[in-house]
Amino acid sequence: MTTTKDITSLVRKNILKMKPYSSARDEFKGIADVYLDANESPYPNAYNRYPDPLQWSLKEGLSVIKGCSPSQIFLGNGSDEAIDLLLRAFCEPNQDSILLAEPTYGMYEVCANVNAVSVQRVALTNDFDIDADNLLAATNASTKIIFLCSPNNPSANLLSRQEIETILQKFDGLVVVDEAYNDFAETASFISVLNKYENLVVLQTFSKAWGLAGLRLGMCFASALIIDILNKIKYPYNVNIQTQRIALEALQQKNTVARHVEEIKQQRTWLAIELSALTIVEKVYPSDANFLLVQVTNPKAIYEALLQKGIIVRDRSHVRGCKNCLRITVGTPAENEVLLKEMKKI
Ligand SMILES: *Cc1c(COP(=O)(O)O)cnc(C)c1O
């Protein structure tokens, strides 16, 4: 079923009306011998020219891997840039809202706060899943974006695909599916249904499976209409030359990344079994990501004891629905051994 939703009417009116900044590299896109149009230095080094504002080479390479059109890709300084731009493009300050299913990734709320957009919340079910009817009932005329994180941070599980599709069909605003951890899950990306749902936005990142958190490169996939709006309001040269070059090279290392992901998944299974056997561990939640949410007897004390041994985990015990929980990233086999050895001593 293809739905018809009026995405343009969701965009803030000032954004629709405004003329975007036009850079030198927007106005002349070809190849020339002499560039005297951008006030750059003429003395060559690796960085004396501005980068491609729309990162076309990288998008071409990504479009093959992801199975979408380059015009359906936005690249930003981390996926956090896309989250912020979506809020700025679609949510009127002091008027509109976003809906979150908690517990979830903290940046959605931070970006909403920065942009004076209010946050509506529903609780995930006891097994951290969503209920479409429950979410839809929590929306109102001010709700512009529903953020769904799948696999979810910090609960580590995939959300029910059927429930997400129901929300995509019934909700008239945008539905953002944050797939930062999808490489570690067994299910296909929502990118495969981009052409079916014009209100779908998919976020992915180079920060996790690709091993490039320090590079700061995030991906956003949506209809060309939505991508054009993000491009209209982004900083002109938001992804630098070095990042574009290194990411393009990384695409050639796809097989190495896949090997690392396989090892992480094996280690995740092993670590979950080993942790479950400890008396200080009450529950290890199922994980489709590269981390485990672990309910323990005394999170503060265990966090501190590990810290003393130079092992840092994330205390999530104060987060809604995560009572007594630590979030533990799956490391190398050697790191996981050390973690386990120290936890056995507590
Ligand atoms: C880590 C993470 C990201 C990645 O953010 P970047 O800005 O791309 O590093 C996005 N969403 C979630 C849920 C994450 O956990």
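The values are calculated or read from the model by the stated rules, or taken from the named source; none is laboratory data. No experiment lies behind these values; they were computed from the predicted model shown. Heads up, the Cβs are rebuilt from the backbone with ideal geometry, glycines too, and the neighbour counts pull from every protein chain shown. Note: accessible area is taken over every heavy atom of the protein model, side chains too, but ligands, DNA and RNA are not part of it. Shrake-Rupley method; radii C 1.70, N 1.55, O 1.52, S 1.80 Å.
Could you tell me what fraction of 2.2 N^0.38 Å the Cα radius of gyration of region 1-65 comes to, as a two-decimal ratio? Intermediate results must be reported in sequence, preceding the final value.
On the way: Rg = 17.9 Å, N = 65, 2.2 N^0.38 = 10.7 Å.
Taking N as the residue count of region 1-65, the ratio is 1.67.
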Worksheet entry | Reference-scaled alpha-carbon Rg (2.2 N^0.38 Å with N residues) for region 98-164 | 1.06
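Normalised by the residues of region 75-136, what does the relative contact order come to in percent, with Cα pairs under 8 Å and at least six apart?
Numbers: 64 pairs, mean separation 20.1, N = 62.
Averaging sequence separation for qualifying contacts and normalising by length gives 32 percent for region 75-136.
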Practice prompt. Heads up, I need the accessible area for residue 18: 1.4 angstrom probe, whole protein in place, Å², nearest 10.
Written response: 70
Practice prompt. Note down the magnitude of the dipole of the chain about its Cα centre, charges +1 on Lys and Arg C-beta and -1 on Asp and Glu C-beta and zero elsewhere, to the nearest 20 debye.
Written response: 400
Worksheet item: So which aspartates and glutamates pass the test for residue 232, namely a Cα distance under 18 Å, with those fewer than 8 places away in the same chain ruled out?
Response: 26, 27, 52, 80, 81, 84, 92
Worksheet item: Can you pull the Kirkwood radius for the chain, inverse mean 1/r over Cα pairs, to one decimal in Å?
Response: 21.7
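Say R0 is 30 Å: what FRET efficiency, to the nearest 0.05, do residue 277 and residue 304 get from their beta-carbon distance? Intermediate results must be reported in sequence, preceding the final value.
On the way: r = 22 Å, r/R0 = 0.74.
Computed FRET efficiency for residue 277 and residue 304 comes out at 0.85.
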Worksheet entry | Anisotropy class of region 150-189 from Cα gyration tensor, a/c 1.5 cut | prolate
Item to complete: Could you give the C-alpha radius of gyration of region 62-187 expressed as a fraction of 2.2 N^0.38 Å, taking N as the number of residues it contains?
Response: 1.04
Worksheet item: Counting only the heavy atoms of the protein chains, how much of residue 270 is accessible to a 1.4 Å probe, in Å² to the nearest 10?
Response: 80
Item to complete: Compute the signed sum of charges (Lys and Arg +1, Asp and Glu -1) over the other residues within less than 9 Å, Cβ to Cβ, of residue 103.
Response: +1
Worksheet item: For region 299-326 and region 72-95, what is the separation of their Cα centres, given in Å?
Response: 32
Item to complete: Anything over 18 Å Cα to Cα? Flag those among 13/144; 144/234; 309/344, in the order listed.
Response: 144/234
Fill in: region 217-311: relative contact order as a whole-number percent, Cα under 8 Å and 6+ apart
14
Practice prompt. Enumerate cysteines in the chain without a disulfide-compatible partner, where compatibility requires another Cys Cβ under 4.7 angstrom.
Written response: 68, 91, 111, 149, 220
Discussion item. On the Cα set of region 1-142, report Rg and Dmax in Å, please.
Written reply: 20.3, 63
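Looking at the square roots a ≥ b ≥ c of the eigenvalues of the Cα gyration tensor of region 213-259, which shape do they give, rounded for a/c under 1.5, prolate if a/b is larger than b/c, or oblate?
Values: a/c = 2.98, a/b = 1.67, b/c = 1.79.
Oblate shape, in that a/c is at least 1.5 and b/c is the bigger or equal ratio.
Which net charge results when you count Lys and Arg as +1 and Asp and Glu as -1 among the other residues whose beta-carbon is under 9 Å from that of residue 92? The partial results should precede the final answer.
Values: positive: 12, 13, 144; negative: 96.
Taking every Cβ under 9 Å from that of residue 92, the sum is +2.
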Worksheet item: Which residue, 26, 131, 80, tops the fluctuation ranking in a GNM of the chain built on C-alpha contacts under 10 Å?
Response: 26
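Compute the signed sum of charges (Lys and Arg +1, Asp and Glu -1) over the other residues within less than 13 Å, Cβ to Cβ, of residue 147. Before the final figure, lay out each step's value.
Values: positive: 121, 144; negative: 80, 84, 102, 109, 178, 179.
Neighbourhood net charge equals -4.
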